[in-house]
Amino acid sequence: MVQLKGRPRVDAGNVTFVMQHELWDGNIQDHADQGVVVQVVSDVDGKETVLLRFNCFDEERSYVYGPENENIEVGGPMMLEASNEKVSGGKKFRLDPIIDGNPIAWTMKTIKNKLPQMLNRAGYPEIAENLDTEEVLMALPEVEAISRELFATKRNVVKHNRGTEIFEAGNIRFGLEMRRLPVGDGGLAIHVLADIGGVPGKSFVEETEMIAFDCFWDGPHYHYGPRNKNHRIYWDRTLIEDPLGWCLEQLNRNKLGAMIERAGYPGVAADLDEDKIEAVLPDMGKKAREMSNLGIELTGHPGLPLEPTPNMVRG
């Protein structure tokens, strides 16, 4: 289930704008992502219906005509032989982040200039015909302000504990931790850390977690940029039977640099010392297995401690 935060509403005549923050998890929802959704809703046959949906996410930047329309035309070009096709559940178009820029700004501009046409395209001509454009224009500043506040303040981020076993590897370090959530899930975690703010030995230095691998017994997953973007991907347990082994394999295959870059830290990725990483992996892997086996002895699950280990910060 998509995690939602906030559903403020702004009325504008015969339509209402509904804004919400959504968190998607990879392999649970479509892909790992989060951001703000702006919906245009109205009463259709006695039921509140979403007419248009604008996805203003980190990655998923798109809009959907008639997400609840059971018989909407695709309207593709003749050369693709899709002109007369119909689909159930809306027609999605994706934004080009290079051309269209900030998705919230693009959404506000598009609603201001094209809302009647879009409602027609979504299959709701009567609502489009009775639209009060002045009410819409008056509502849009509030819609934009709420959307931007949700994007900034409702973001899901997390600051984990750094770990109890630390392995230095050049400009990064690995922290191993046995984690347990209050719900009972947990296991061995590998935290990939670097000093982002300041430098060691100076008056200010801040260690940042760039990637987290949570090799949990029930819901194993990993985070890109947990303190920044927090894009979380769950493993397919049918294919990945040993999450810890998968993590160590990726590190041995020199995948870490690309992963750190995706997490939002290209400067750290550029300065990686592969020789130093390779040198610590055997000892780190051995210690990780020891901690994982200890969890089995204590609880019956790999890497799971007896007591909960709360995060330092969670938003």
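Just so you know, all these numbers are worked out from the coordinates, no wet-lab data involved. On a predicted model such as this, the values are computed, not experimentally measured, just so you know. Please note: Cβ atoms are built from the backbone with ideal geometry, for glycine as well, and neighbour counts cover all protein chains shown.
Please compute the volume of the convex hull spanned by the alpha-carbon atoms of the range 1-149 and report it per residue in Å³.
Values: hull volume 19.3 nm³, N = 149.
Considering the Cα atoms of the range 1-149, their hull volume per residue is 130 Å³.
On a full-extension model of 0.36 nm per residue, what is the gain between residue 114 and residue 275, subtracting their alpha-carbon distance, rounded to one decimal in nm?
Values: separation 161, 0.36 × 161 = 57.96 nm, distance 5.58 nm.
Between residue 114 and residue 275, full extension yields an extra 52.4 nm.
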Sparsely packed trypsin sites (Lys or Arg not before Pro) within the range 133-211, loop by DSSP, other Cβ within 10 Å at most 11: 202
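Let's test the formula: R0 of 22 Å, r as the Cβ-Cβ distance of residue 297 and residue 164. What FRET efficiency results, to the nearest 0.05?
So, using R0 = 22 Å, E works out to roughly 0.85.
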Can you give me the distance in nm between label points at residue 145 and residue 133, each placed 7 Å from the Cα along the Cα-to-Cβ direction? 2.5
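Counting Lys and Arg as +1 and Asp and Glu as -1, what is the net charge of the other residues whose Cβ lies under 9 Å from the Cβ of residue 309?
Values: positive: 179, 180; negative: 177, 307.
That works out to 0.
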Calculate I(q)/I(0) for the range 63-203 by the Debye formula, one identical point scatterer on each C-alpha and no solvent, and give its log10 at q = 0.15, 0.19 Å⁻¹ to two decimals. -0.91, -1.19
As a test of the definition: which semi-axes, in Å, follow for the chain when you take the square root of five times each eigenvalue of its alpha carbon gyration tensor? Largest first, please. 45, 21, 19
Per-residue ellipticity at 222 nm for the chain, helices alone: DSSP H runs ≥ 4 residues times -39500 (n - 2.57), over residue total, nearest 500 deg cm²/dmol? -9500 deg cm²/dmol
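Taking the Cα centre as origin and putting +1 on Lys and Arg beta-carbons and -1 on Asp and Glu beta-carbons, what dipole magnitude results for the chain, to the nearest 20 debye?
Result for the chain is approximately 440 debye, rounded to the nearest 20.
Could you tell me what percent of the DSSP beta bridges with both partners in the range 125-196 are antiparallel, to the nearest 5? Before the final figure, lay out each step's value.
Values: 13 of 13 bridges.
In the range 125-196, DSSP labels about 100 percent of beta bridges as antiparallel.
Take the residue pairs 47/114; 112/154; 91/255; 202/229; 91/229; 91/154 and return only those whose Cα atoms are more than 31 Å apart. Walk me through the numbers before you get to the answer.
On the way: 47/114 24 Å; 112/154 25 Å; 91/255 36 Å; 202/229 28 Å; 91/229 28 Å; 91/154 28 Å.
Beyond 31 Å: 91/255.
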Please compute the net charge surrounding residue 142, taking Lys and Arg as +1 and Asp and Glu as -1 over other residues with Cβ under 13 Å from its Cβ. -2
